[in-house]
Amino acid sequence: MKSTVEQLSPTRVRINVEVPFEELKPDFDRAYKTLAQQVRIPGFRPGKAPAKLLEARVGRGAILEQVVNDALPGKYSEAVQTSAVKVIGQPDIEITKIEDGQELSFTAEVDIRPEIALPDYSTISVTVDPIAVTDDDIEEQLKSLQARFGTLTGADRPVADGDFVSIDLSATVDGETVEEASATGLSHEVGSGQLIEGLDEALIGLSSGETKEFTSTLVAGDHAGKEALVTVTVGSVKERELPAADDEFAQLASEFDTLDDLKADLRERVGRVRKVEQAGSIRDKVLETLLETVEIPVPESVVKSEVDAQIHDALHGLDHDDEQLNTLLEAQGSSREEFEADAQKSAERSVKIQLLLDAIAEAEGTEVGQEELTERIIFQAQRYGISPEQFIQQIQQANQLGAIFADVRRGKALAGVVDRVSVSDTEGNSIDTAALFGSEAGETVTDADEFEEDDFEDDSDDDEVIAADEEAVSAEEK
């Protein structure tokens with residue numbers, strides 16, 4: 001077999017393949033064997049009919065078509081391995097010549113990973129905000145802790161922000177009752193913004209037994225995107241009374257004997273969270289600098305796949321109703337064209353990040369150990385609230401284990417770059433990235449997961465992957 005590669009663009013090639021017919025003999029043998037089991041010819045036992053008789057019965061053309069269809073995937077994979085191109089996604093294959101007994105020729109156009117010229121990382125410098133823990137930060141955390149031990153008591157006054165109320169809700173669209181937007185005796189924290197838009201503003205100032213109407217745009221159900229007339233009636237009003245912040249509270253809420261010790265611990269914990277946030281800011285700014293510095297051509301098919309996935313996800317929650325999505329976007333002051341343009345921009349950025357980090361990982365020889373992969377799986381399982389065994393089963397069924405591996409490798413590659421750039425804060429102080437990311441690339445010392453979720457927020461990003469396209473490539477091509 002002979003193959004040549006034409007570079008159509010930085011992200012796409014055409015592979016020209018010529019296969020002598022003698023190389024197709026195993027494929028012909030398999031085709032005849034399968035056909036002999038299916039076609040009954042008088043005088044011959046099943047599977048024993050000679051090839052010539054089989055050809056006479058079904059036609060040489062039918063056999064040739066089956067042989068070519070069966071042989072193409074293997075020959076394409078062989079050509080990819082020989083040419084050493086890094087393909088992404090499914091190829092567009094066209095048969096250009098079939099000379100029976102002589103030669104089979106075909107072309108395969110396919111997207112590839114582009115060559116990316118990486119910069120000298122030591123020339124990169126970024127600036128981030130310094131770590132700062134204020135007294136207000138400590139008071140905020142203390143209030144949050146007090147709220148856990150607070151008690152709800154009835155309030156004989158109008159509703160105020162932060163109150164807990166029992167309410168009845170009903171809604172109509174064009175005079176028609178919306179059943180899914182109706183509820184009785186519903187508990188709600190005023191100001192949380194967890195229910196219908198405009199509800200919190202309508203509630204403030206109402207007293208027990210009072211009713212108010214307001215308009216709101218529904219975001220789910222059969223009437224998603226439509227304006228509804230909502231009626232809310234207040235049943236009861238309760239306020240949360242916080243325990244006094246003193247030594248007795250410190251002993252109740254923590255292992256500390258005094259309030260001062262508790263505050264000192266909170267200050268230390270907030271400081272650790274600020275380090276995590278600073279590490280994330282450094283990582284993001286280094287990545288942004290790389291994206292601005294490095295030229296990264298993007299394969300069109302990969303971007304299209306990413307855009308299609310975003311649109312599919314948006315439609316999936318609306319029972320794949322295009323008109324409902326258009327109505328919802330219009331209610332939000334947007335349009336389908338704007339939504340798809342944003343999806344295109346987001347997809348291009350996502351693909352650029354993936355290609356960039358993959359190129360860095362390859363150039364640096366970044367490897368991922370079993371322990372690192374296991375840690376990521378356990379972390380992801382915890383985020384979804386399922387056991388690691390269940391999570392592994394789900395990702396195996398979805399063929400996403402390779403995507404998680406690539407995700408870990410990319411993160412580790414970026415950490416290796418961060419370790420070599422110059423980082424300072426806005427006050428001119430140099431920042432030791434080894435203290436944040438570890439002395440070895442990818443060995444992160446600070447970890448937001450060590451903090452309790454109720455006290456501190458972890459805004460970890462969900463790194464995206466080119467999984468949809470890469471899963472289509474054979475293991476050898478990867």
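What follows draws every value from the coordinates through simple rules; no lab data is involved. None of these values were measured; they are calculated from a predicted model. Reconstructed Cβ throughout: ideal geometry from the backbone, glycine too, with neighbour counts over all protein chains shown.
By a straight-distance test (C-alpha under 19 Å), which lysines pair with Lys263 as possible cross-link partners, with residues fewer than eight away in the same chain excluded? Within the straight-line cut-off, Lys263 pairs with Lys143, Lys275. Each label point was placed 7 Å from the Cα along the Cα-to-Cβ direction; for Arg349 and Gln7 their separation is 3.0 nm. About its Cα centre, the chain has a charge dipole of approximately 3360 debye under the convention of +1 per Lys or Arg Cβ and -1 per Asp or Glu Cβ, with nothing else charged. The HN-Hα couplings worked out from phi for the stretch 329-346 by the Karplus form 6.51 cos²θ - 1.76 cosθ + 1.60 (θ = phi - 60°) are 5, 5, 5, 8, x, 10, 8, 5, 5, 5, 4, 5, 5, 5, 5, 4, 5, 5 Hz, whole numbers, x standing for Gly and Pro. For the stretch 84-119, GluC sites (Glu not before Pro) are listed when DSSP marks them as loop and at most 14 other Cβ atoms sit within 10 Å of their Cβ; the list is Glu115. Per-residue 3J(HN,Hα) values for the stretch 316-324, derived from phi via the Karplus relation 6.51 cos²θ - 1.76 cosθ + 1.60 with θ = phi - 60°, read 4, x, 10, 6, 6, 9, 4, 5, 5 Hz in sequence order (x marks Gly and Pro). When +1 charges are put on Lys and Arg Cβ atoms and -1 charges on Asp and Glu Cβ atoms, the dipole computed for the stretch 152-252 relative to its Cα centre reaches about 160 debye. Computed extension length for Ser281-Ser77: 69.2 nm, one decimal, from 0.36 nm per residue of separation with the Cα-Cα distance subtracted. Specify the angular offset, from 0 to 90 degrees and rounded to the nearest 10, of the alpha carbon long axis of helix 60-83 from the longest principal axis of the alpha carbons in the chain. In the chain, helix 60-83 runs at an angle near 60 degrees to the longest axis. Calculated mean residue ellipticity at 222 nm for the chain: -14500 deg cm²/dmol, from DSSP H runs with n ≥ 4 weighted as -39500 (n - 2.57), summed, divided by the residue count and rounded to 500.
In loop segments of the stretch 379-440 as defined by DSSP, the trypsin sites (Lys or Arg not before Pro) with at most 15 further C-beta atoms inside 10 Å of their C-beta are Arg420.
Positive end of the dipole of the chain (Cβ unit charges, origin at the Cα centre): among Gln390, Ser166, Tyr76, the Cα lying farthest that way belongs to Tyr76.
The distance separating the Cα centre of the stretch 116-189 from that of the stretch 286-319 comes to 30 Å.
Counting neighbouring Cβ atoms within 10 Å and putting the fewest first, the residues Tyr384, Tyr121 line up as Tyr384, Tyr121. With both labels modelled 7 Å from their Cα along Cα-to-Cβ, the Asp342 to Phe405 distance reads 3.6 nm.
Bridge orientation summary for the chain: considering DSSP beta bridges with both residues in this region, about 95 percent are antiparallel.
For Asp432 and Thr211, the difference between the fully extended length at 0.36 nm per residue and the C-alpha to C-alpha distance is 73.7 nm. Considering only Leu145, Leu229, Pro20, the residue lying farthest towards the positive end of the dipole of the chain is Pro20, judged by Cα position with unit charges set on Cβ. Listed by chain and number, the lysines whose C-alpha is less than 16 Å from the C-alpha of Lys97, apart from same-chain residues fewer than 8 away, are Lys2, Lys75. Between Gln390 and Arg267, the simple label model (points 7 Å from Cα in the Cβ direction) yields a spacing of 4.2 nm. How tilted is helix 370-384 with respect to the longest principal axis of the chain? Cα atoms for both, answer in degrees (0 to 90, nearest 10). The answer is roughly 50 degrees. Taking Cα atoms only, the orientation of helix 401-418 departs from the longest principal axis of the chain by about 70 degrees. Treating r as the C-beta distance of Ala160 and Thr134 and R0 as 25 Å, the FRET efficiency rounds to 0.40.
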